[in-house]
Amino acid sequence: MRIFLLFIFLPSLAWAQNRVTISGYIKDAANGEALIGATIYIKSLSTGTTTNVYGFYSVTLDPGEYEVIYSYIGYTTQTKLLALITNTRIDIELAVEGKQLEEVVVSAESDQQGVKALEMSTNQLDIKTITRIPAFLGEADVIKSLQQLPGVSTVGEGASGFNVRGGNVGQNLILLDEASVYNSSHLLGFFSVFNPDAVKDTKLYKGAVPAQFGGRIASLLDVRMKEGNNKEYEVNGGIGTIFSRAAVEGPLFNGDGSFIVAGRRSYADVLARPFVDLLSEGGALNFYDLTGKANYNINERNRIFLSGYTGRDQFFFDKDQGFSWGNNTGTIRWNKIFNDRLFSNFSGVFSQYDYSLQFGENDQDNFKWQSSIRNLTFKPSFSYFINADNEISFGAEANYYSFEPANAYGTSNGTRLDVSLPEKYNLEAALYLGNSQRLNSNIAVEYGLRYSYFVGFGPGSQFTYNDTIPGTRRTPIAEQTFEKGSAMSTYQNFEPRFAFKAELNDQSSVKASYTRMVQYLHLISNTTASNPLDVWTPTSNNIKPELGDQWAVGYFRNLGKERNYELSVEAYYRNTQNQIDYIDGADLLINEFLEGDLLAGRGRAYGMEFFLQRKTGRLTGWIAYTLARTELKVDGINRNQWYAARFDQTHNLKVSGFYDINRRWSASANFTFVSGTPSTFPTSRYLVQGMLIPHNANESRNNVRLPAYHRLDISFRLEGKTVKRNGKERKNSDYWVFGVYNAYARKNPFSIYFTQGDERVAQGSPINSEARQLSIIGTVVPSVSYNFNF
């Protein structure tokens, strides 16, 4: 390892012996929060850098005098004249500018970063923007806000998760302070698990994913929690239509540390209990979550963080029947600055997702099922800042997984039958090396390589299945057992990454990227939308890892005299190998021979994304349009021809607008129009003893599209008064949000199904059958919420 590091660093060390480095942290002056993506600009050299996810920066220069500009959107800019003769530590605190409601951005970085930055295929939502977007029942939501951006979609209201550039829900890597979140939804998809009071930054990678990340083939959602106010104690919260929330933060150790604790709890069942018999008999319909984080500055070069999350949803019809699910995460991190140019972070992570289902009215007749996935992660990562134009990142990652597919048993007439499935154990490890390099004032590249290794461990069994007609169930013909700790199956892959940027002039640039990702964990679900009882299963001898290759190219331009408009156009193509689909009638739950019901094939997704944003002024907002196609080709399905994926949407238009009426009142609106998603309908029918039997004569999959989805949401925000009656300024702040979801009561189809009348029909008479549309929300949904800070 030492020889490897010397090979990487020795040339640059020799070249940089006579140079000096300025480094430090950039933070919010009001609360000490690190500012992610703040800009450090060296005016005389027309170059600079940005802070990392911990607010750290490092720039190496020749000795001399420089004018250094520190800036961040929504904050006052600081300019420093520095005479550099030796390495210098400069920590900066930026103050928030005046009233910022007139500024809404989809990037928390400099207003030129869309053109100047090397990154492409990314969206970064500021938490202030998230709280302004009209939302269901008036509650700001991270994932619902992301769905207003190009390339991001969902199959409908009440659908868990989200889809990115043709990927399914299980192909998104979702991280909360580096901990994996396996189910990101509350209330079956109406809300996400991320409490906005505890979130500092959200960044979605739709492509051009850096080499340090891996494990999913569609996207990466990186959610960073607040660190807590290290200046003074602060309380935030809100009272809404369906749930309330509160967050407390403040300093620790005389300002050398800080903490934040945030919680939410829905109370629909509490309010309805006096009027609903099921709830008064032990039923439950609620969710809760608790998020916390603390940090401590040991000294200038060492800092530790501890963060965690726990949350749960409960749907019980009485005290003995219902289901529940929840996530638990924990992260401990150590930031270590070895010197002015070598920054490191060491993370230890725990993550768990579990669910349970039970029904039965007594101990003699019942059924209970529990399932879970857990992982432990260790991840050392390093950043070496060679100079202002070159940054090397390298590190490793190890994930140990344990899967509990089913701890289940049924009881009939007092006799218990155990139908549990054995646990599975796996290790996923990776090494990565990347380099971000500015070749000249106009051209920059980022390239990297990730090596991943996956192995399954005993105790356990592997089955060999028979060869049969594609599309039909395979049966096991041989079984091999493995002792504890012995390797069952192994896979390894190289994952190259490359990105390129060329500035055409001061206002425009073109970018391109290639990304290969490998996925060893698979979400098994053949329902219309992901649900809490979906199964995660690892790669095995019968399930190959999914491989995704994505190419993207884009044009970026700032428009207007004040450059307050930003335009981007991106085209992408993604090819997927070993994409999982299912035979007709697949049995996915508590099935020891699940792998015999799975099929693997190819996938392709391609499209164009258009994004136009107005960033400043009284009227701000954006228009996002995606023209796309997502298709699969699997032997045994659709006569072995390409067919549209269930979440394919040809047209996806989102318009978001924000208008400041005056200093206290502001208005926001969203309009969404999405092409109907595909569905499988019968092409003919049989009549058997008075019953209609639907039949798909062409063996087609997803052969019909549902009607288009469109919806308008409106909200008004009233800021509390800032001055008391005696003329003194209020220390506390508050605001009201009045909203209308689905303003014109559109009954958007979630699915369409067919029914037949129950009455017996005389022979020779026509049989009454009809198609019925299921709409999750088919009416106007008003809301009001009160939010406070003191």
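The values are calculated or read from the model by the stated rules, or taken from the named source; none is laboratory data. Note that the structure is predicted; figures quoted are calculated from it, not measured. Cβ coordinates were reconstructed from backbone atoms using ideal geometry, including for glycine residues, and neighbour counts include every protein chain displayed. Each accessible area value is taken on the protein alone, full model and side chains, heavy atoms only, with ligands, DNA and RNA left out. Shrake-Rupley method; radii C 1.70, N 1.55, O 1.52, S 1.80 Å.
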Open item on the list: Pairs please, first residue from region 51-78 and without any contact (Cβ under 8 Å) to a residue 12 or more places away in the chain, second anywhere and open to solvent by 20 Å² or more (accessible area, probe 1.4 Å) and outside any strand (DSSP E or B), Cβ atoms under 9 Å, 6+ apart in sequence or on different chains.
Closed with: none
Open item on the list: Would you confirm, using the coordinates I've provided, whether residue 355 is in contact (Cβ under 8 Å) with a residue 40 or more places away in the chain and open to solvent by 40 Å² or more (accessible area, probe 1.4 Å)?
Closed with: no
Task: Complete set of residues in region 690-712 that are at negative phi and either in contact with a Gly (Cβ under 8 Å, 6 or more places away or on another chain) or in a loop (DSSP other than H, G, I, E, B) (or both) - done: 696, 697, 698, 700, 701, 703, 705, 706, 707, 708, 709
Open item on the list: I'd like to verify a number: residues in region 345-402 that are polar (S, T, N, Q), more than 20 Å from residue 309 (Cα to Cα) and in contact with a Ser or Thr (Cβ under 6 Å, 6 or more places away or on another chain), how many?
Closed with: 6
Open item on the list: Taking the conditions exactly as written (buried (at least 18 other Cβ atoms within 10 Å of the Cβ), more than 30 Å from the chain's Cα centre (by Cα) and modelled with pLDDT of 90 or more), does residue 51 satisfy them or not?
Closed with: no
Open item on the list: Which residue is nearest to residue 399 (Cα to Cα), if the candidates are limited to region 324-364 and must be out of contact with any strand residue (DSSP E or B) (no Cβ under 6 Å at 6 or more places or on another chain) and assigned to a strand (DSSP E or B)?
Closed with: 338
Task: Output for region 601-638, where each listed residue is surrounded by fewer than 17 Cβ atoms within 10 Å (Cβ to Cβ) and either acidic (Asp, Glu) or under 22 Å from residue 463 (Cα atoms) (or both) - done: 635
Task: Residue identified as closer than 19 Å to residue 115 by Cβ and open to solvent by less than 10 Å² (accessible area, probe 1.4 Å) among 38, 34 - done: 38
- [ ] Could you look through region 123-143, keep only residues that are closer than 18 Å to residue 205 by Cα and touching a Phe, Trp or Tyr at 6+ places or on another chain (Cβ under 7 Å), and pick out the one that is surrounded by the fewest Cβ atoms within 10 Å (Cβ to Cβ)?
- [x] 142
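Quick grid of which residues meet (1) closer than 19 Å to residue 153 by Cα; (2) not acidic (Asp, Glu); (3) not in a loop (DSSP other than H, G, I, E, B):
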| position | (1), (2), (3) |
| --- | --- |
| 572 | yes, yes, yes |
| 578 | no, yes, yes |
| 586 | no, yes, no |
| 590 | no, yes, no |
| 596 | no, yes, yes |
| 602 | no, yes, yes |
| 606 | yes, yes, yes |
| 610 | yes, yes, yes |
TODO: Only one of these is touching a residue at least 40 places away in the same chain (Cβ under 8 Å) and not β-branched (Val, Ile, Thr): 385, 457. Name it.
DONE: 385
Task: Lone unmet requirement of (1) modelled with pLDDT of 90 or more; (2) farther than 27 Å from residue 582 by Cβ for residue 723 - done: (1)
- [ ] With respect to residue 721, determine if the residue is touching a Phe, Trp or Tyr at 6+ places or on another chain (Cβ under 8 Å), part of a loop (DSSP other than H, G, I, E, B) and loosely packed, with under 14 Cβ neighbours inside 10 Å.
- [x] no
TODO: Quick one: residue 687 ticks every box in (1) loosely packed, with under 12 Cβ neighbours inside 10 Å; (2) in a strand (DSSP E or B); (3) at pLDDT 80 or above except a single one, so which number is it?
DONE: (3)
Task: Qualifying positions in region 462-477 - closer than 18 Å to residue 421 by Cα and open to solvent by less than 60 Å² (accessible area, probe 1.4 Å) - done: 462, 463, 476
- [ ] Within region 54-79, work out how many residues are part of a strand (DSSP E or B) and open to solvent by 70 Å² or more (accessible area, probe 1.4 Å).
- [x] 2
Open item on the list: Being touching a Phe, Trp or Tyr at 6+ places or on another chain (Cβ under 6 Å) and either at pLDDT 75 or above or not hydrophobic (A, V, I, L, M, F, W, C) (or both): is that true of residue 704 here?
Closed with: yes
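Suppose we filter 773, 763 for residues that are at pLDDT below 85 and open to solvent by 50 Å² or more (accessible area, probe 1.4 Å); which single one remains?
None of the others qualify; the one that does is 763.
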Open item on the list: Return the residues of region 535-570 that are of a type in the set (Gly, Ala, Ser) and either open to solvent by 30 Å² or more (accessible area, probe 1.4 Å) or in contact with a Ser or Thr (Cβ under 9 Å, 6 or more places away or on another chain) (or both); say none if nothing qualifies.
Closed with: 540, 548, 552, 554, 560
